[in-house]
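Here the structure comes first, spelled out in structure tokens, and everything after it is commentary.
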Amino acid sequence: GRTLGILGGGQLAQMLALAALPLGVRCVVLEPDPQAPARLCAEHLQAPYTDPAGLERLAACDAVTLEFENVPVEALAALEGRVPVRPGGAVLARSRHRAREKEALRAAGVPTAPFVEVRGEDDLAGALEAVGGRGLLKTSELGYDGKGQRRVGSGAELRAAWAELGSVPGVLEGLVPFEREVSLAVARNAAGEVAFGPLVENVHRDGILRTSVWPAAVPAGTEAQARALAGAVAGAWGLEGLLTLEFFALPGGELLANEVAPRVHNSGHLTQDGGGVSQFGAQVRAVLGLGLTDWAPLHPTAMVNVVGTPGGREPDWAAVDALPGTRVHLYHKATRPGRKVGHVNLVAPDGDTLRDRLAQLEALIP
Ligand code: ATP
Ligand code: MG
Ligand code: MG
């Protein structure tokens with residue numbers, strides 16, 4: 001059988017490992033956290049990402065992929081040239097740094113929100129006017145789930161936000177008056193063939209993804225536009241493997257790229273239960289060269305994230321189970337406020353039933 005090495009052992013690695021097994025593939029994860037979700041279903045190398053013995057073990061796999069973008073560059077450097085690393089350092093270098101990412105998106109012909117790179121305090125003067133008077137200051141590195149960003153509407157707020165975020169390099173983005181948010185994943189192999197995931201619609205709450213729905217309620221043509229943009233990024237960045245683009249859909253239908261995740265994405269979790277190939281299966285196939293085909297659910301599908309609440313309130317699990325078409329996915333993580341600890345997928349025979357049951361499901365998950 002084949003083995004797939006994964007840098008990182010969180011829930012994405014856990015779900016990758018679960019999807020790999022029936023494809024005849026076993027996963028090996030390098031992850032220092034002893035409580036990492038993937039420990040339960042993959043060989044767990046509990047060591048730092050730069051651990052020589054751990055990297056040696058990964059180098060002996062058939063391919064290596066990653067489940068988060070902040071793996072140290074030294075780890076990638078130690079592996080590249082010895083084992084296919086997909087995606088590799090060139091994609092990672094762009095996607096782990098917001099300013100570089102936006103520049104690289106634009107260079108690939110993909111529009112983004114207006115932005116100004118803020119390297120130091122001097123760059124704050126005039127920045128807000130340059131992006132339209134209202135915006136979000138985001139750190140260039142390490143932000144996720146809305147952490148590391150502040151909404152600002154005045155010069156004073158911008159200066160306060162800069163200090164609050166630690167006076168570290170970032171970008172000031174103009175506030176986008178989007179109609180909805182959507183995302184789409186693309187896989188590309190060494191031969192340059194591409195395949196696409198479904199166009200998914202996403203709703204965030206407090207900066208954290210709350211629900212995803214497929215199909216997205218977008219005008220005809222939006223999915224083709226998203227595919228063209230994702231394909232352009234995959235080609236221009238020399239992608240081997242899978243990445244996901246988040247988009248803002250403007251009222252006129254135009255898409256602006258928000259950010260790139262060089263991996264499977266929370267919005268793609270609904271592909272686990274929609275009847276088609278899942279994003280996790282797609283990534284395993286793409287990185288091991290098992291043949292590329294588009295993947296999407298076969299039935300209308302949605303997902304609701306389970307996120308720890310300040311009061312520690314649990315979902316009404318019995319009622320969730322009683323709702324037709326639900327599938328619970330738990331990550332075996334300790335619950336903390338704002339932390340994603342699982343998700344519930346929901347599949348329905350038609351769009352109206354899906355919307356109806358999604359509203360019921362949301363009411364059961366605090
Ligand atoms: P994650 O990586 O978990 O998706 P993140 O911390 O990298 O999140 P972003 O994706 O940049 O954060 O932003 C989180 C959410 O905040 C977006 O999905 C969107 O709802 C809102 N948002 C971000 N940037 C803008 C913007 N320029 N205009 C309007 N809304 C925005
Ligand atoms: Mg992000
Ligand atoms: Mg995002």
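Throughout, read-outs are computed from the coordinates displayed, never taken from laboratory work. The shown structure was predicted, so the numbers you read here are calculated from the model rather than taken from an experiment. As a convention, Cβ positions derive from the backbone with ideal geometry for all residues, glycine included, and neighbour counts pool all protein chains shown.
Things to note:
- Taking a Cβ cut-off of under 13 Å around R82, the surrounding Lys, Arg, Asp and Glu residues balance to a net charge of -2, with basic ones at +1 and acidic ones at -1.
- Longest to shortest principal axis, alpha-carbon extents of the chain, angstrom: 58, 50, 43
- Of all complete DSSP H helices in the chain, those with a Cα span along the helix axis of 18 Å or greater and a mean Kyte-Doolittle hydropathy of -1.0 or more are 222-236, 351-364.
- Semi-axis lengths (Å, descending) of the ellipsoid that matches the C-alpha gyration tensor of the range 34-150: 35, 16, 12
- Fewest-first sequence of C41, C61, C27 by Cβ atoms within 10 Å of each Cβ: C41, C61, C27
- Helix-only [θ]222 nm of the chain, DSSP H runs n ≥ 4, -39500 (n - 2.57) each, per residue, nearest 500: -8000 deg cm²/dmol
- About its Cα centre, the dipole of the range 2-85 is roughly 300 debye, where the only charges are +1 on Lys and Arg Cβ and -1 on Asp and Glu Cβ.
- Magnitude of the charge dipole, the chain, Cβ model with Lys/Arg +1 and Asp/Glu -1, debye to 20: 340 debye
- Measuring max minus min along each principal axis, the C-alpha atoms of the range 114-174 give extents of 26, 20, 17 Å (largest first).
- Per-pair calculated FRET efficiency, R0 = 35 Å: E164 and Q360 via Cβ, rounded to 0.05: 0.35
- Positive-pole candidate from G166, G252, V218, dipole of the range 141-255, charges at beta carbon: G166
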